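Written out below as structure tokens is the structure these notes cover.
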Amino acid sequence: MGATYEATCNKCGHKFKLNIGGGIFMHLLKCDKCGMDKSVSFEEIGEPHLRYLKGLPGPYSTVTWEHDEYVQKNYPGEPLTEEEYYLEVEKIAGKCKCGGRYKFDSPPRCPKCRSEDITKASEPHIFYD
């Protein structure tokens with residue numbers, strides 16, 4: 001489950017909301033250049049998500065366990081490793097308007113000055129799917 005935190009840039013002092021983590025039905029990627037978020041739903045991912053589920057040792061989440069178990073037992077496609085899956089999702093996410101690429105491992109950045117030197121509150125402000 002993803003969460004939104006209050007954050008402060010240690011370089012320029014800008015205060016902003018910082019989203020970290022995906023949800024039960026989507027992934028949240030960040031641009032590797034500017035840090036902008038992009039949500040990619042499992043529905044949008046399509047077959048690569050089914051292939052990823054096929055290769056998991058158990059369900060993706062407790063909320064989706066019935067669906068995940070069905071896919072694992074019945075989906076005829078070949079499983080994807082986590083690394084292969086992440087590459088597929090990053091391709092689907094595409095390019096950011098700044099020219100960067102959306103990635104799973106991109107660090108959070110200040111939306112004003114793009115610095116990675118930020119401090120996030122220790123407790124989330126809100127949880128989301």
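The values are calculated or read from the model by the stated rules, or taken from the named source; none is laboratory data. Predicted, not measured: the structure shown is a model, and the values here were computed from it. Glycine gets a Cβ as well: all are built from the backbone with ideal geometry, and neighbour counts include every protein chain shown.
Can you find, within the range 83-129, the residue that is surrounded by the most Cβ atoms within 10 Å (Cβ to Cβ) among those that are in contact with a helix residue (DSSP H, G or I) (Cβ under 9 Å, 6 or more places away or on another chain) and either assigned to a strand (DSSP E or B) or at positive phi (or both)? Here the answer is 102. Scanning the range 43-76 for residues that are surrounded by 14 or more Cβ atoms within 10 Å (Cβ to Cβ) and of a type in the set (Gly, Ala, Ser) returns a single hit, 55. Residue-level analysis places residue 28 among those that are at pLDDT 95 or above, under 21 Å from residue 125 (Cβ atoms) and within 16 Å of the chain's Cα centre (by Cα). Counting just the residues of the range 33-62 that are aliphatic (A, V, I, L, M) and in a loop (DSSP other than H, G, I, E, B), which one comes out farthest from residue 97 (Cα to Cα)? Top of the filtered list is 56.
May I ask you to verify whether residue 80 is outside any loop (DSSP other than H, G, I, E, B) and either among the acidic types (Asp, Glu) or farther than 16 Å from residue 104 by Cα (or both)? So residue 80 does not fit the description; no.
Output the residue which, of all residues in the range 47-105 that are aromatic (Phe, Trp, Tyr) and under 20 Å from the mean Cα position of the chain (by Cα), is nearest to residue 1 (Cα to Cα). So, considering only residues that are aromatic (Phe, Trp, Tyr) and under 20 Å from the mean Cα position of the chain (by Cα), the one nearest to residue 1 (Cα to Cα) is 60.
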